[in-house]
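These notes concern the structure reproduced below.
The values are calculated or read from the model by the stated rules, or taken from the named source; none is laboratory data. Model, not experiment: these values are computed from the prediction. A quick note on method: Cβ atoms are made from the backbone with ideal geometry, for glycine too, and the neighbour counts reach across all protein chains shown.
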Amino acid sequence: MSGSLLKIECVDKLGVLLQKKKRIKVLVGGRASTKTIFVADYVLSQVMAGQRWCCAREFQNSIDDSVHQTLLDEIDRLEIPGFEPKRTEIDHSSGGRAFYKGLARNITSLKGVNANGLWIEEGEGLSAQTLKILTASIRVTPLEAKEAKLKGEIIEAPEIWVTMNRGSRSDPVAKKLLARAENELARCGYYEDDLMIVIEVNYNDNPWFADSGLEVERLDDKEHLSLAEYESKWLGKYYDQVDGSIIKPEWFDACIDAHKRPHLQNIFREEGATVAAHDLSGMGGDSKGFASRTGSIVKRVVESYVGEVDEGVDWAIALAKSEGADCFVWDGDGMGAGSKSQIDKAFKGTPTSYHMFKGSLSGRGQDDALKEFRPAKGNAEAVYYYQQFKNNRAQFYIDKLARRIYNTYRCVVRGEYIDPDEMLSIDSDGVDDMDALRSQVCRVPRVKNNNGLEQIMAKADMKKNGIESPGGADSLMMCLYPYSTVNDDFEMEYKSLW
């Protein structure tokens, strides 16, 4: 494929990027996909034609962090004449130039850059702030537009090329550039709209991969890495796992429509009570979550970013009623404590019971505190729930949600017999965004507890560590609350008689 003065050899599916004009062109995929080499060759072809190209990444502490060496290697490999390499840039006899910038520290510095194009390598690391002002920074200046108009010329905005692997689905670039494209990328590896083209390319699209010497490494990784690590490295999939996460992506995937698998249809039956749960929205634009399950089948998991806290509670109540919920559970920590009267009123005179879940309850105050977690055996004494878990949040995420998800994986993938009451199937028809839910569920990490109790990271700390608020996951966790036929007030009054 020819690109200006340089013949560019490329993977077949990438050729369209040389033929179509778009403001943003994104190449996403795993290792050995040729995306970096392809864009390097394209940039060199444009520099040979006299253009100025800025090669950037979010963090660049030195020239070693840039694509400088990649460009030099391609100049040598292709034996391209006319280039004059310098320490911090590469010039060409045509007047073209390739130079480098780090974006994180001073994205506004691009506003003064005279560039015909921008290449961003490792685009998965782009921050929300960079993305917010990126397109306004690399643009046609008013003076350039005026001069072109006087000449009767049409001047096009500089192209922005982004090469990247996927990181987390919660990353800013995933939300801004990839979210709209994912369905089409999954279907055919290609997405296009008025603003951009996105192409997914991986090692299995690379006709030269067999000669790369990387097949041995790939096979070794397939055997020794976790599925999430392997698919992220070689297939460019989201890495929806963090250090210490309590649920692995492959466990979660086994739960998707487990009840629809032919050999499990008679095991997973929609029997028992319907429990609905609501995670209220917090501060800073966090989502509101809703989930419902009937028996071992999760029927609904949805999120909303619309409205205030009380509007979110009304939204969740309406969904619970539409699902015919026998029990409604909501997060009573923080703002949820103030929602009790609203929920009392909504369910008064109905058969639906309701419960304020408090994840912060710890010690003997947590649910199932005095229930045996591990019965006595031999000389070992029984271990009770309050002796195993730091608080309700840890208990429900680890013992209720993670355990049932892992049990389903054991049944679906390993073929072990598991009591269906101890498994969980998630109906894809009732989940708005399964990938987002997977990301949330698989990014809940354990943290160290000085007393040896099982504990997970608090929501506030997750946010500080760049882990999105798990509104859908929290709702899913809370809908595993054991069904109760009585409301809290009645239950407390009843207990006081004994």
Pairs, first at positive phi and assigned by TED's automatic domain parsing to the domain that holds Ala436 in region 237-265, second modelled with pLDDT of 90 or more and of a type outside the set (Ser, Thr, Tyr), C-beta under 7 Å, six or more apart: Asp257/Asp427
Cβ-Cβ below 6 Å, separation at least six or inter-chain, first residue in region 9-27 and in the same structural domain as Leu195 (by TED's automatic domain parsing) and surrounded by 15 or more Cβ atoms within 10 Å (Cβ to Cβ), second polar (S, T, N, Q) and part of a strand (DSSP E or B): which pairs? Leu27/Thr163
Can you name the residue in region 295-313 that is touching a helix residue (DSSP H, G or I) at 6+ places or on another chain (Cβ under 8 Å) and in a helix (DSSP H, G or I) and, of all such residues, is surrounded by the fewest Cβ atoms within 10 Å (Cβ to Cβ)? Asp310
Quick test of your reading of the structure: Thr163 fulfils all but one of (1) at pLDDT below 80; (2) surrounded by 14 or more Cβ atoms within 10 Å (Cβ to Cβ); (3) polar (S, T, N, Q). Name the failing condition by number. (1)
When you scan region 366-377, do you find a residue that is modelled with pLDDT of 95 or more, crowded, with 18+ Cβ neighbours inside 10 Å and of a type outside the set (Lys, Arg), even just one? no
Name the pairs whose Cβ atoms lie under 7 Å apart, with the first residue in region 329-353 and without any contact (Cβ under 8 Å) to a residue 40 or more places away in the chain, the second of a type outside the set (Gly, Ala, Ser) and exposed (fewer than 15 other Cβ atoms within 10 Å of the Cβ), and 6 or more positions between them or separate chains? Gln342/Asp310
Any residue at all in region 271-294 that's crowded, with 23+ Cβ neighbours inside 10 Å, assigned to a helix (DSSP H, G or I) and among the small types (Gly, Ala, Ser)? no
When you scan region 298-307, do you find a residue that is within 17 Å of the chain's Cα centre (by Cα) and within 28 Å of Glu229 (Cβ to Cβ), even just one? yes
Do you know which of the residues in region 65-108 that are among the acidic types (Asp, Glu) and farther than 24 Å from Val173 by Cα is surrounded by the fewest Cβ atoms within 10 Å (Cβ to Cβ)? Glu79
List the residue pairs whose Cβ atoms are under 8 Å apart, where the first residue sits in region 360-373 and is without any contact (Cβ under 8 Å) to a residue 60 or more places away in the chain, the second is basic (Lys, Arg) and surrounded by fewer than 17 Cβ atoms within 10 Å (Cβ to Cβ), and the two are 6 or more positions apart or on different chains. Leu370/Arg364
For region 256-269, does any single residue satisfy the condition of being buried (at least 19 other Cβ atoms within 10 Å of the Cβ) and part of a helix (DSSP H, G or I)? yes
Residues that are touching a residue at least 24 places away in the same chain (Cβ under 8 Å) and touching a Ser or Thr at 6+ places or on another chain (Cβ under 9 Å): does region 402-411 have at least one? yes
Those residues of region 451-472 which are in a helix (DSSP H, G or I), more than 16 Å from the chain's Cα centre (by Cα) and not hydrophobic (A, V, I, L, M, F, W, C) amount to Lys459, Asp461, Lys464
In region 431-457, anything surrounded by fewer than 17 Cβ atoms within 10 Å (Cβ to Cβ) and either of a type in the set (Gly, Ala, Ser) or not assigned by TED's automatic domain parsing to the domain that holds Ser362 (or both) is listed as Gly452
Kindly establish whether Arg404 is of a type in the set (Lys, Arg), within 30 Å of Tyr384 (Cα to Cα) and in a helix (DSSP H, G or I). yes
Can you find, within region 186-195, the residue that is nearest to Lys20 (Cα to Cα) among those that are within 21 Å of the chain's Cα centre (by Cα) and surrounded by fewer than 18 Cβ atoms within 10 Å (Cβ to Cβ)? Tyr190
Before we move on, is Val329 in a strand (DSSP E or B), farther than 11 Å from Leu280 by Cβ, touching a Phe, Trp or Tyr at 6+ places or on another chain (Cβ under 8 Å) and modelled with pLDDT of 95 or more? yes
Can you tell me which residue within region 117-151, out of those that are at pLDDT below 70 and of a type in the set (A, V, I, L, M), is nearest to the chain's Cα centre (by Cα)? Val140
Please give the number of the condition Ser362 fails out of (1) closer than 17 Å to Ala394 by Cα; (2) touching a helix residue (DSSP H, G or I) at 6+ places or on another chain (Cβ under 7 Å); (3) surrounded by 15 or more Cβ atoms within 10 Å (Cβ to Cβ). (2)
Being surrounded by 11 or more Cβ atoms within 10 Å (Cβ to Cβ) and not β-branched (Val, Ile, Thr) is the filter here; which residues of region 407-420 pass it? Asn407, Tyr409, Arg410, Cys411, Pro420
How about region 230-252: which of its residues are under 20 Å from Arg410 (Cβ atoms) and either touching a strand residue (DSSP E or B) at 6+ places or on another chain (Cβ under 7 Å) or crowded, with 18+ Cβ neighbours inside 10 Å (or both)? Gln241, Ser245, Ile246, Ile247, Lys248, Pro249, Trp251, Phe252
Exactly one of Asp435, Asp427, Asp419 is acidic (Asp, Glu), within 26 Å of Glu323 (Cα to Cα) and at pLDDT below 90, and that one is Asp435
